[in-house]
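Structure record follows, encoded as structure tokens.
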Amino acid sequence: MPAALPAAPPAALAPAAKAGGALGNARWEGEGLRWRLVLAGHGAAEAALPAPPAALPAQAGTTLAFDSAALSHWQPGFAAALWQALAPLARAGVTLDLDGLPRGLQPLLALSLPAPDGPPLSLIHISEPTRRTPIS
């Protein structure tokens, strides 16, 4: 069983939604190379997430886990907001342990998050291998 993460410093706590608070609280917890994003409340489409704290090293060797036990539900817009927060970390080589996220959200993020140091794919990269004639 992995060791428990220490509580986050107060600077890592932030409200995670626009005024009116759809997501309640989301907070970053951890130190060094082990971090966790705790999600609570409603994952509404308009939910925003707090930026990763400056102390979180965006590099290979860093691990980010998730705790969504207090997340009551989520909507597709929340998945997009989560992707926007996680994509730069994934690209930098941070290992994302998606097991703590809701089951329906895990495969969406696993399929869409970029590989470490991988160039972002555009529609042309995705569609070109299926075309019969090259795009000129």
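Multiplying the residue separation of residue 42 and residue 80 by 0.36 nm and removing their Cα-Cα distance gives an extension gain of 12.2 nm. Electrostatic tally near residue 37: other residues with Cβ closer than 15 Å to its Cβ, Lys and Arg +1, Asp and Glu -1, net -2. So if R0 is 41 Å, what FRET efficiency would residue 54 and residue 103 give, r being the distance between their Cβ atoms, rounded to the nearest 0.05? According to the calculation, E is roughly 0.80.
Site pair residue 87 and residue 69 shows an inter-label distance of 3.2 nm when each label is modelled 7 Å from Cα along Cα→Cβ.
Just so you know, all these numbers are worked out from the coordinates, no wet-lab data involved. Only a predicted model underlies this, so the values are computations on that prediction, with no experimental measurement involved. Glycine also receives a Cβ, built like all others from the backbone with ideal geometry; neighbour counts cover every protein chain displayed.
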